[in-house]
Amino acid sequence: MECLLYLGCMVYNRFPDYEIAARAVLARLGIEARDFHDFACCSSTFLPSVSDEWLYLASYNLALAERRGMDIVSLCGTCTGMLRRALRELRDGEVRDRVNSRLAEVGLEVAGSAGVAHLIEVLIQHREKVEREVSTPLKLRVALQHPCNVFRPAELAGFDDPWRPRAMRELAELTGAEVVDYPLEYECCGSTLLLTSEEMGISSGADKLLSAREAGAQAMVVSCGNCAYLFDRHLQEIRARRAEAELPTLFLPQLLGLSFGISARELGLDIRGVELG
Amino acid sequence: MGECTRCGACVRVCIAARRGTPTGASVLEREDPFTCAGCWKCVEACPEGVDIYALMLEARRRGRLPESFSFALRNILDTGYSMPVRGVNAIREMYGLPPIRRVKPEVVRKLLRDVKPG
């Protein structure tokens, strides 16, 4: 089985270790992650905020996948949400015609037939295989950050519970790691708030990390570039605000990969200098 | 599509409201529609099924674009990506990742003819 790995701007730009670990874990499950050449931004929160043309760029990505005859696996919450949103819009024949007349200018056509799934969804669909691959049960206590746009709106997500998603927990528990309950577990990380208010974003990140740490977590497990951007790239600012809010960020496939016996290096853990303990 | 009854269910689950963003009886009455985490709990919580996502975007299109949005939009129009990507393939190579061919800027220009980055 193969899929097209949609990196999105954030992971492409900042988190090679997420991609490395995702590729390694998918390979163990017999899924080959193919390079998504020529991909563009999913449109994110930016384009829809100014123009209906957001649908053209999102659909362009879907058209590329269709041409290669593969489904898309995405690593970010927002990208997953936007590509799914585009798929839903394309169900309307008139909209699809309008999109196709624009895509024709770049030699493409879209039917809306390529699937879009977030990595979590793919992993949970292969939960038996994941379980079989676990060879080194982890002695680690972790907290989870569930990526909002993978699960909400439920109407677009079509799987799991929009308020208390279970998929990530189920996967993390397969690794042998202890998944702590912490009061803010089902809160949004608040990363996107950084766009208009550094203060709100940082305080939101600080509260979450502190809440997880107080519950005994040794790492925050994420599965979205935006969440990692706040917890990892802004850790210094978070700690300047709340010194105790120190928690390393681990990507879900890194957690899984470690339990599969894949070395920390092969999972890119040295890239961000993640130390667990 | 339902209509807002100003019941406040959306405000109660809004992380931006909790962090102090001035918000009226509904998140749609917010003065600054850009201060939003995009978590869409409001959409889930709304008992009337109001299309909060669409209405939030409408409010944004009427409003003044924050500099962070302009920056990202300029990047998208220049390169197809919301953040700077120069040198990324060299870094990927360093970590043993395959280079990813990027979208051609003229493709982006054809797809996004009317987008103004503010």
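The numbers here are math on the coordinates, done by the rules we state, and not lab data. From a predicted model like this one, the values you see are computed outputs, not experimental measurements. No Cβ is skipped: glycine too gets one built from the backbone with ideal geometry, and neighbour counts run over all protein chains shown.
Consider segment A:235-265. How many of its residues are under 18 Å from the mean Cα position of the chain (by Cα) and in a loop (DSSP other than H, G, I, E, B)? Give the steps one after another, and end with the answer.
Here is the first cut: in segment A:235-265, the ones under 18 Å from the mean Cα position of the chain (by Cα) are A:248-257.
Next cut, in a loop (DSSP other than H, G, I, E, B) only: A:248.
Within segment A:235-265, residues that are under 18 Å from the mean Cα position of the chain (by Cα) and in a loop (DSSP other than H, G, I, E, B) number 1.
Out of segment B:23-51, which residues are assigned to a helix (DSSP H, G or I) and at the interface with chain A (Cβ under 7 Å from one of its Cβ atoms)? First the steps, then the outcome.
Of segment B:23-51, the ones assigned to a helix (DSSP H, G or I) are B:27-29, B:41-45.
Matches in segment B:23-51: B:LYS41, B:VAL43, B:GLU44.
Looking only at segment A:5-27, which residues are over 13 Å from the mean Cα position of the chain (by Cα), crowded, with 24+ Cβ neighbours inside 10 Å and more than 11 Å from chain B (Cβ to nearest Cβ)?
Residue satisfying the conditions is A:VAL25 alone.
Here are the criteria: (1) within 8 Å of chain A (Cβ to nearest Cβ); (2) within 14 Å of the chain's Cα centre (by Cα); (3) closer than 21 Å to A:CYS188 by Cβ. Tell me which single one B:ALA54 does not satisfy.
(1)
Cβ contacts < 9 Å: first residue within 9 Å of A:TYR12 (Cβ to Cβ), restricted to segment B:78-96; second residue of a type in the set (D, E, K, R) and in a loop (DSSP other than H, G, I, E, B), any location; separation 6+ or different chain. Result?
Sorted first by the residue in segment B:78-96, then by its partner, the pairs are B:TYR81/B:ARG102; B:VAL85/B:ARG102; B:VAL88/B:ARG102.
Table: residues versus (1) within 21 Å of A:GLY107 (Cβ to Cβ); (2) charged (D, E, K, R); (3) more than 8 Å from chain A (Cβ to nearest Cβ).
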| site | (1), (2), (3) |
| --- | --- |
| B:GLU58 | no, yes, yes |
| B:GLY63 | no, no, yes |
| B:VAL85 | no, no, no |
| B:VAL88 | no, no, no |
| B:LYS104 | yes, yes, no |
| B:GLY118 | no, no, no |
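Filter the helices (runs of 4 or more DSSP H) completely within segment A:1-79 down to those with at least 1 residues that are within 16 Å of B:ILE76 (Cβ to Cβ). Lay out the reasoning, then the answer.
Values: elements: A:8-14, A:16-28, A:54-68.
It comes to A:8-14, A:54-68.
Restricting the search to segment B:1-47, which residues are loosely packed, with under 14 Cβ neighbours inside 10 Å and not polar (S, T, N, Q)?
Filtering segment B:1-47 for residues loosely packed, with under 14 Cβ neighbours inside 10 Å gives B:1-3, B:5-6, B:12, B:20, B:22, B:24-25, B:31, B:47.
Within segment B:1-47, B:MET1, B:GLY2, B:GLU3, B:ARG6, B:ARG12, B:GLY20, B:PRO22, B:GLY24, B:ALA25, B:GLU31, B:PRO47 qualify.
Restricting attention to segment A:186-204, and to residues there that are under 13 Å from A:ALA143 (Cβ atoms) and not acidic (Asp, Glu), which single residue is surrounded by the fewest Cβ atoms within 10 Å (Cβ to Cβ)? Talk me through it step by step, then tell me what you get.
If we filter segment A:186-204 for residues that are under 13 Å from A:ALA143 (Cβ atoms), which is where we start, we get A:186-187, A:189.
Narrowing the set further to residues that are not acidic (Asp, Glu) leaves A:186, A:189.
On the way: A:TYR186: 17, A:CYS189: 30.
Among those residues, the one meeting the criterion is A:TYR186.
Has segment A:72-93 got at least one residue that is of a type in the set (Val, Ile, Thr), more than 15 Å from the chain's Cα centre (by Cα) and within 14 Å of chain B (Cβ to nearest Cβ)?
no
What about B:GLY20, is it in contact with a Gly (Cβ under 8 Å, 6 or more places away or on another chain), over 25 Å from B:PRO117 (Cα atoms) and assigned to a loop (DSSP other than H, G, I, E, B)?
Values: in contact with a Gly (Cβ under 8 Å, 6 or more places away or on another chain): no; over 25 Å from B:PRO117 (Cα atoms): yes; assigned to a loop (DSSP other than H, G, I, E, B): yes.
So B:GLY20 does not fit the description; no.
Tell me the residue from A:LEU108, A:LEU138, A:LEU156, A:LEU75 that is closer than 30 Å to A:ALA215 by Cα, surrounded by fewer than 23 Cβ atoms within 10 Å (Cβ to Cβ) and touching a helix residue (DSSP H, G or I) at 6+ places or on another chain (Cβ under 6 Å), please.
Residue meeting the stated conditions: A:LEU138.
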